[in-house]
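Reviewing the structure listed below.
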Amino acid sequence: MRRNRVVALAAALLLVVGACSKDDAKTATTTTRQRGVIDSTDSGDGTAASTAVPPHPGALNGLEEADPAIHARPPLVVKIDNAPKARPQFGLGSADIVVEEGVEGGITRLAAMFHSQDAPLVGPVRSARSSDLHLAVPLGRPLFAYSGTNSNFQALIDRSPLIDVGISRRPSAYHRDRNRPAPYNLFSRTPLLFASPPAGAVAPKKLVDIGGPTAGATGVPVTKVDIHWVDKVRTDVTWTWDGTKWNRAQGDGKSAPTPTVDANGPGVHPRNVVVLFVNYEDTGERDQSNSIVPEAKLTGSGEAWIMRDGTLVRGTWTKPSQDAPIALADARGARLALLPGQTWIELPSPGNATVV
């Protein structure tokens with residue numbers, strides 16, 4: 001009888017342990033990165049494990065996207081102002097990729113690329129530049145939202161594969177905020193811009209490799225990078241790693257930089273920050289103050305700083321044609337991918353960034 005009790009007790013313990021093991025295994029296999037939550041893979045010495053490719057990876061952020069409606073919809077590129085009177089902007093925390101490009105006079109503009117998430121408000125929406133084609137065309141046939149441009153740039157857009165959802169084509173998708181001064185008060189909503197995509201609008205192609213075996217954050221630990229654009233005015237951008245996430249601040253060289261926020265609420269803390277050093281060329285166009293309207297030359301190759309989860313890899317970028325994606329490599333030429341999550345890409349001229 002006693003032996004039977006011992007056997008029964010042992011069997012019960014095995015059942016409990018087995019149940020716990022199953023629960024632990026279930027937790028381990030179903031845990032996924034939540035959008036907007038940073039869970040660094042950095043080990044503290046500048047190394048991290050590579051990342052597995054999920055079953056339905058988003059083309060722009062590498063995260064799992066099982067919703068077929070979202071997965072198959074086209075990408076959306078929105079031109080957003082970055083002048084002092086335009087801040088705080090709306091929608092930056094929801095974009096999969098944000099690219100900062102130099103425009104005339106030392107100011108910058110942002111090209112926010114949406115696919116996996118919507119933003120209830122996005123803007124201020126501003127005009128297009130020829131640099132945008134180097135960024136948007138690799139995505140395939142993206143929707144392109146902007147507030148207008150000059151006739152020469154408009155002709156380039158009309159001949160490109162971009163699908164025009166700017167204010168002249170979809171005026172009902174835009175509105176003015178009377179509490180802000182023009183031209184910093186034009187806004188839209190991404191659901192309105194995504195609505196009823198025309199024929200030919202398809203799921204995005206990648207702009208840059210993200211996720212997979214070459215996405216480990218191996219590199220030199222880094223805590224701060226300063227970037228600037230200088231002309232008639234100055235734009236200073238600082239990226240700081242606080243141990244768990246990247247934080248962006250912006251200034252003008254005269255006053256203390258202010259943190260970058262999304263007025264919708266989501267934090268602006270990308271997983272990856274990529275600095276591509278590019279040359280700017282005179283387009284022959286001038287703005288109202290007679291400043292040169294430049295174009296970022298993103299066809300060719302140049303120096304790149306790839307920052308992932310608190311690490312820095314100095315390498316190169318390559319983009320052989322306008323419709324080609326951006327390829328990143330380390331100093332030895334080994335191909336690199338970014339970690340799954342949001343990415344910010346900065347486009348300063350060579351020599352205009354410093355590791356602090």
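Laid out as a table, the results:
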quantity	calculated
Residue satisfying all of: in the range 324-356; part of a strand (DSSP E or B) and charged (D, E, K, R); modelled with the highest pLDDT among these	E346
Among (1) farther than 30 Å from Q117 by Cβ; (2) in contact with a helix residue (DSSP H, G or I) (Cβ under 6 Å, 6 or more places away or on another chain), the one test that A296 misses	(1)
Pair list, Cβ < 7 Å and 6+ apart or interchain, from the range 335-356 residues that are free of Cβ contacts under 8 Å to residues at least 24 places away in the same chain to residues that are polar (S, T, N, Q) and surrounded by fewer than 16 Cβ atoms within 10 Å (Cβ to Cβ)	none
Counted residues, the range 104-148 - those being among the polar types (S, T, N, Q) and part of a strand (DSSP E or B)	1
Matching option when the condition is surrounded by fewer than 17 Cβ atoms within 10 Å (Cβ to Cβ), of a type in the set (G, A, S), more than 19 Å from T108 (Cα to Cα) and without any contact (Cβ under 8 Å) to a residue 40 or more places away in the chain, among S160, S172	S172
So R234, is it touching a residue at least 24 places away in the same chain (Cβ under 8 Å), touching a Ser or Thr at 6+ places or on another chain (Cβ under 6 Å), over 24 Å from R141 (Cβ atoms) and of a type in the set (D, E, K, R)	no
Cβ pairs under 9 Å, 6+ apart, first in the range 45-69 and at pLDDT 80 or above, second of a type in the set (A, V, I, L, M) and exposed (fewer than 13 other Cβ atoms within 10 Å of the Cβ)	P54/A66; P55/A66; H56/A66
Flag if A329 is under 20 Å from K206 (Cα atoms) and within 19 Å of the chain's Cα centre (by Cα)	yes
Extreme residue, nearest to H56 (Cα to Cα), among residues of the range 175-212 that are without any contact (Cβ under 8 Å) to a residue 24 or more places away in the chain and in a strand (DSSP E or B)	H175
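Every residue, every condition in (1) of a type outside the set (V, I, T); (2) modelled with pLDDT of 95 or more; (3) within 15 Å of V77 (Cβ to Cβ), yes or no:
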position: S94; (1), (2), (3): yes, yes, yes
position: V98; (1), (2), (3): no, yes, yes
position: R109; (1), (2), (3): yes, yes, yes
position: L139; (1), (2), (3): yes, yes, yes
position: H175; (1), (2), (3): yes, yes, no
position: L186; (1), (2), (3): yes, yes, no
position: F194; (1), (2), (3): yes, yes, yes
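The values are calculated or read from the model by the stated rules, or taken from the named source; none is laboratory data. Treat the numbers as computed from the prediction; the structure is a model and nothing was measured. Note that we place each Cβ from the backbone using ideal geometry, even for glycine, and neighbour counts take in every protein chain shown.
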